[in-house]
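**Q** I have a structure here, written as structure tokens, and I will follow up with some questions on it.
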Amino acid sequence: MSTILFNEIVFGPIISRRLGVSLGVNLLPRFGKYCNFDCIYCECGFNSDGKSDTKLPEILQVREALLNKIANHDRTLGDIDTITFSGNGEPTIHPSFPEIIDLALDIRDLYAPKAKVSVLTNGSGLSKPKIKEALKKVDNAIIKIDSAFDKTVNLIDRPQFPYSVEKVIKDLEDLKGVFVLQTMFLRGEYNGVKIDNTSKEEVEGWYQVVRRTSPREIMVYTIDRETPAQDLQKVTVQEMEQIVNPLRNSGLKVSVSG
Ligand code: SF4
């Protein structure tokens with residue numbers, strides 16, 4: 001597959017389906033993927049594809065790249081809506097993630113005060129107090145939970161450590177009303193095993209996760225580009241709308257991206 005790797009520490013701006021005009025910050029290697037999940041839909045490819053580079057940027061390099069990009073970015077798309085930590089893997093893996101978040105917030109306040117600071121994370125860092133505190137400070141802590149069931153998470157997201165949805169729900173206790181829940185809906189087959197996180201049982205379980213974690217907002221999306229696993233299918237916008245309707249009707253803010 002053609003993997004999408006971000007070869008700069010700060011990239012963009014790009015138009016994000018969910019966040020608007022976004023400057024991306026990649027705290028991972030510039031030429032390789034580095035993640036503690038190995039999602040079958042990851043646009044960066046499988047972990048085994050991305051071992052060519054393992055070097056993480058230093059704090060000062062991130063500072064310089066961010067300042068430089070904010071001063072010199074292409075303004076044809078308009079003002080920056082968000083500075084988004086995403087890139088070639090899981091951003092909270094970076095050993096200086098909390099310090100870099102403080103730095104980004106300071107730079108934002110000084111040079112792009114209208115921009116939000118967002119982090120796309122798989123939630124694996126939530127059990128570390130410093131990472132959780134950093135996630136509390138940003139405007140949008142966007143945390144992925146793709147299923148209420150460990151078995152399904154192990155099929156779709158393939159955490160490379162013992163993962164438990166129950167533990168993530170507990171870790172989110174003091175982020176209630178603050179974090180943004182992000183869920184990828186898909187179906188298909190991988191290694192001969194059928195995968196569908198839109199079944200009745202899955203959706204009921206997911207509603208429970210929503211009720212128990214009380215996200216401030218929910219972002220639901222589906223496959224948009226080529227995926228490393230070959231036999232995966234998009235879920236239609238209409239289906240996702242049906243899934244989220246009861247949540248919307250109960251007053252929750254939900255966005256759907258097809
Ligand atoms: S958590 Fe994100 S970066 Fe990591 S494998 Fe999954 S989609 Fe890719």
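**Q** Using a 10 angstrom cutoff on alpha carbons, build the Gaussian network for the chain and name the most mobile of Ile223, Ile107, Ile80.
**A** Ile107
**Q** Here's another thing I want to ask about it. Would you look at the GNM of the chain, springs on alpha carbons closer than 10 Å, and say which of Asp174, Asp81, Asp38 moves the most?
**A** Asp174
**Q** Under a 5 Å amide H to amide H cut-off, with H placed in plane at 1.01 Å, what residues pair with Glu217 once short-range neighbours are removed?
**A** Leu181
**Q** Please give the helix 59-72 orientation as an angle from the longest Cα principal axis of the chain, in degrees from 0 to 90, rounded to the nearest 10.
**A** For 59-72 against the chain, the angle is about 80 degrees.
**Q** Round to the nearest 0.05 the FRET efficiency obtained for Lys137 and Gln61 when R0 = 30 Å and r is the Cβ-Cβ distance. If you can, show how the numbers build up before the last one.
**A** Values: r = 22 Å, r/R0 = 0.72.
Efficiency for this residue pair is about 0.90.
**Q** Net charge near Asn154, counting Lys/Arg +1 and Asp/Glu -1 over other residues with Cβ under 11 Å of its Cβ?
**A** Details: positive: Lys151, Arg158; negative: Asp38, Asp146, Asp150, Asp157.
My count for the surroundings of Asn154 gives -2.
**Q** Here's something else I'd like to know. Can you pull the one-decimal nm distance between simple spin-label points at Ser199 and Gln233, each 7 Å off the Cα toward Cβ?
**A** 1.5 nm
**Q** Report the longest stretch of the chain that contains none of the GluC sites (Glu not before Pro) sitting in a DSSP loop with at most 14 other Cβ atoms within 10 Å.
**A** Values: sites that count: Glu8, Glu58, Glu226.
My reading of the result: 59-225 is the longest stretch.
**Q** Helix-only estimate, please: 222 nm mean residue ellipticity of the chain, summing -39500 (n - 2.57) across DSSP H runs of length 4 or more and dividing by its residues, to the nearest 500.
**A** Values: 7 runs with 79 residues, N = 258.
Theoretical 222 nm ellipticity from helices: -9500 deg cm²/dmol.
**Q** Moving on to the next point. Take the chain, connect every pair of alpha-carbon atoms lying under 10 Å apart with a spring to form a Gaussian network, then pick out the residue of Leu23, Leu105, Leu135 with the largest mean-square fluctuation.
**A** Leu105
**Q** Per residue and in cubic angstrom, what volume does the convex hull of the Cα atoms of region 31-142 have?
**A** Working: hull volume 12.8 nm³, N = 112.
Convex hull volume per residue, Cα atoms: 114 Å³.
**Q** Stretched out fully, how many nm does the piece from Glu189 to Ser257 gain, at 0.36 nm a residue minus the Cα gap?
**A** On the way: separation 68, 0.36 × 68 = 24.48 nm, distance 2.20 nm.
Result for the pair: 22.3 nm of gain on full extension.
**Q** Report, to the nearest 10°, how far helix 97-111 tilts away from the longest principal axis of the Cα atoms in the chain, using its own Cα long axis and a range of 0 to 90°.
**A** The angle comes out near 60 degrees.
No value in this document is a laboratory result; all are computed from the given coordinates. Keep in mind that what you see is a predicted model, and the values were worked out from it rather than measured. Using ideal geometry, Cβ is built from the backbone for each residue, glycine included, and neighbour counts are taken over all protein chains shown.
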